[in-house]
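Working notes for the structure below.
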Amino acid sequence: MSETSPTGVIHDIGYRHYTGPRHGRGYAVRALTVHSLRGVFGLGRTARAKIIPYSLVAIMMLPAVVQVAAMALISQRPLTYSGFVPAMQVVLAIFLASQSPFLVAPDLRFRVLPLYLSRPVTPRDYVGAKLLAMTSALFLLIAIPLTVMYIGELVIDMRPGESPFGEALGPAVPSPDTVGYLGSMAFGLVYALLLAAVGVAVASFTPRRGLGVASVIALYLLASGVSVVLNAVFQSTSDDVLASWALLVNPFFLVNAVQNWIFGGVTGTGLDYPDMAGPLGALAVLALIALSTAAMLARYRKAASA
Amino acid sequence: MTILTTEGLTKRFPRVTALDRLSVTVGPGVTGLVGANGAGKSTLIKILLGLVEPTEGSGRVLGLDFRTQGDEIRRVAGYMPEHECLPPDISATEFVVHMGQMSGLPRTAARERAADVLRHVGLYEERYRAIGGYSTGMRQRVKLAQALIHDPKLVFLDEPTNGLDPKGRDEMLALIRRIGSEFGISVLVTSHLLGELERICDHVIVIDGGTLLRSSAIGEFTQATQSITVEVEEGQEALAAHLSGLGETVTAHGRLLAVHVRGDQTFDAVRDAVCDLDLSLVRLEQGRQRIEDVFRENAHV
């Protein structure tokens, strides 16, 4: 018995070199994107980090559930596809404000950024990965409820051609409203891109997460507040054209105006956009995305050389 | 074989010149880069990684030009920064795996390597806990692990013993020695303490104010020192007088006596003197040159 070797011994097999494959920059950027996207939803992190994102996901699902229920029970559609995002804008703004600082602030505050840059990735790759992660997260938040609504529409047999709000509020919408659904999915991506670019850019200017949250939410409140106040002021002076332009100060209505210009349809918010809102809004959306991305790139180039 | 070379490397910032026409050559093994704070050590590492553009000068790391092939250098080199660089809310395992992927390792390979490397740096059960709760020593180990995860050919370690207690310092130094010898990874390690690097380096480069003060194999440093340190419990004045009487050169540094070595007879003289005077010998060791000595020596030249 004494000659049997002891069990449960950890053998030190020494250092082993790595001879397997080594991927390039593209792989690293993808890994950073996936890691960031997981982080936005609190995956791989504490339970506390999951509370806010999943509560907001649940709230985003409520209208879809109500919509499907309404279709099944009273054969009515309270919401149009294009009206979904403007109706849920506060939830999306809270999601953006609470999660975009999470994406960028810790890397600045705990100085993880130099470690990333000591890998083959460049500051531009880093910015791209973070934007892509936030855009994907917001798109999921928009696309999943829209898709649930659409599946509901396919499954439940609605009488086609019925107006969603009664004839008085808008034209009849076919059922299933495939064009409306696809248009809203495409513009879900535009919303996601615009919100991600602005939100992450603002958040990237402070290493403090709390300050980042406050800055993003303040920016949204400012934009929507100014929009509401100006709209009310112009309406009281009967400047209807100016009043409708004032709506576009709110980024959600800005994108919505472009969507209605391209795909037609009603917002469901009872708002009328000015005639030229579509093309000019499209330019404004592109300019905002470009400006935010440029600001982020400049910010990270500076951080990289420090 | 040359691991890296620089030729007339200069880096000027708006208000300060960090490196001034620095030309160095580094071979395999462990190389120490010594200099006071602000001597330009960190700037040199960032230039070698291709992260900071030099104002003038050129050079190569592992045969790659750091001005144009920075991303290829960063693929095969590891970097442990001087400052804190760890997110507090994820575990060491998850962080090191992620950093492995950022270096291009497939996820499964990164997992295996992370387990290996964390074991080598001495992190066991605690590697599954969030980094936020780690001690300074454990953090330094995680920082080292992320620099080794992709099995680099060369690692830059910027002040790896910073903030460690004496025991942690010794363990870290032993680990660096192992990386250079057993792991076969070349190491460029910075410190402001020459004595610390003396113990583990094959070669030491001393820079000050961005210029090269000295670059030599470690043997030459100890040769240059050529002194032994003697400590006795009491009566060092008597010992000093006795040795001086025998023709030895003795200088007192507080409780310690530094005796210049003329040859084997110096060791005999010290031994005999201690016996003759009936003193209690506490320490007899090879003189450790401190960075101040190098500066002083250089000032004399």
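The values are calculated or read from the model by the stated rules, or taken from the named source; none is laboratory data. Not measured: the values here are computed from a predicted model. All Cβ positions, even for glycine, are placed from backbone atoms using ideal geometry, and neighbour counts span all protein chains on display.
Summed over the stretch B:47-61, residues that are under 24 Å from residue A:18 (Cβ atoms), surrounded by fewer than 23 Cβ atoms within 10 Å (Cβ to Cβ) and either away from chain A (no Cβ under 12 Å) or out of contact with any Phe, Trp or Tyr (no Cβ under 7 Å at 6 or more places or on another chain) (or both) total 2.
Whether any residue in the stretch B:167-176 is of a type in the set (Asp, Glu), more than 14 Å from chain A (Cβ to nearest Cβ) and more than 24 Å from residue B:116 (Cβ to Cβ) is what I want to check. The answer is no; no qualifying residue exists. Residues satisfying the criterion are present in the stretch B:280-287 (criterion: modelled with pLDDT of 85 or more and at negative phi).
Look through the stretch B:1-33, keep the residues that are touching a helix residue (DSSP H, G or I) at 6+ places or on another chain (Cβ under 9 Å) and within 14 Å of chain A (Cβ to nearest Cβ), and return whichever of them is surrounded by the fewest Cβ atoms within 10 Å (Cβ to Cβ). Selected residue: B:13.
Considered as a group, the residues in the stretch B:179-206 that are more than 22 Å from residue B:40 (Cα to Cα) and surrounded by fewer than 17 Cβ atoms within 10 Å (Cβ to Cβ) include one that is farthest from the other protein chains (Cβ to nearest Cβ), and that residue is B:199. Restricting to the stretch B:129-143, what's the tally of residues that are within 12 Å of chain A (Cβ to nearest Cβ) and in contact with a helix residue (DSSP H, G or I) (Cβ under 8 Å, 6 or more places away or on another chain)? Of the residues in the stretch B:129-143, 4 are within 12 Å of chain A (Cβ to nearest Cβ) and in contact with a helix residue (DSSP H, G or I) (Cβ under 8 Å, 6 or more places away or on another chain).
Looking at the stretch A:282-300, can you tell me whether even one residue there is on the phi < 0 side of the Ramachandran plot, within 14 Å of another protein chain (Cβ to nearest Cβ) and touching a residue at least 60 places away in the same chain (Cβ under 8 Å)? Yes - at least one qualifying residue is present in the stretch A:282-300.
The residue that is farthest from the chain's Cα centre (by Cα), counting only those in the stretch B:193-208 that are at pLDDT 85 or above and not acidic (Asp, Glu), is B:207. Checked against the criterion of being under 19 Å from the mean Cα position of the chain (by Cα), closer than 30 Å to residue B:133 by Cα and part of a loop (DSSP other than H, G, I, E, B), the stretch A:43-52 contains one or more residues that satisfy it. For the stretch B:61-96, filtered to residues that are part of a helix (DSSP H, G or I) and among the hydrophobic types (A, V, I, L, M, F, W, C), the residue that is nearest to residue A:209 (Cα to Cα) is B:95. Within the stretch A:162-178, if we keep just the residues that are under 26 Å from the mean Cα position of the chain (by Cα) and in a loop (DSSP other than H, G, I, E, B), the residue that is modelled with the highest pLDDT turns out to be A:177. Tell me which helices (runs of 4 or more DSSP H) are completely within the stretch A:68-161 and hold 1 or more residues being among the small types (Gly, Ala, Ser), within 14 Å of chain B (Cβ to nearest Cβ) and in contact with a Phe, Trp or Tyr (Cβ under 6 Å, 6 or more places away or on another chain), or say none if there are none. No helices (runs of 4 or more DSSP H) qualify here. Within the stretch B:113-128, being at the interface with another protein chain (Cβ under 7 Å from one of its Cβ atoms), among the charged types (D, E, K, R) and farther than 25 Å from residue A:125 by Cβ holds for one residue alone: B:116. If you check residue B:36 against the conditions, is it more than 11 Å from chain A (Cβ to nearest Cβ), of a type in the set (A, V, I, L, M) and closer than 27 Å to residue A:31 by Cβ? Here the answer is no, as residue B:36 does not meet what is asked.
Checking every residue in the stretch B:62-74 against the condition of being within 14 Å of chain A (Cβ to nearest Cβ), surrounded by 18 or more Cβ atoms within 10 Å (Cβ to Cβ) and within 28 Å of residue B:132 (Cβ to Cβ) gives at least one match. When each of B:273, B:252, B:258 is tested for being assigned to a helix (DSSP H, G or I) and farther than 23 Å from residue B:44 by Cβ, the lone residue that passes is B:273. Mind checking which residues of the stretch B:149-171 are among the aliphatic types (A, V, I, L, M) and either in contact with a Gly (Cβ under 6 Å, 6 or more places away or on another chain) or at pLDDT below 95 (or both)? Across the stretch B:149-171, the qualifying residues are B:149, B:155, B:164.
Residue A:35: under 20 Å from residue B:107 (Cα atoms), in contact with a helix residue (DSSP H, G or I) (Cβ under 9 Å, 6 or more places away or on another chain) and facing another protein chain (nearest Cβ under 7 Å), yes or no? Answer is yes for this residue. When B:86, B:154, B:105 are screened for being aliphatic (A, V, I, L, M), in contact (Cβ under 8 Å) with a residue 12 or more places away in the chain and surrounded by 24 or more Cβ atoms within 10 Å (Cβ to Cβ), only B:105 passes. Here the condition is being crowded, with 17+ Cβ neighbours inside 10 Å, hydrophobic (A, V, I, L, M, F, W, C), more than 7 Å from chain A (Cβ to nearest Cβ) and in contact with a Phe, Trp or Tyr (Cβ under 9 Å, 6 or more places away or on another chain); of B:92, B:110, it holds for B:92 alone. Selection over the stretch B:11-60 of residues that are in a loop (DSSP other than H, G, I, E, B), of a type outside the set (Gly, Ala, Ser) and over 17 Å from the mean Cα position of the chain (by Cα) gives a count of 10.
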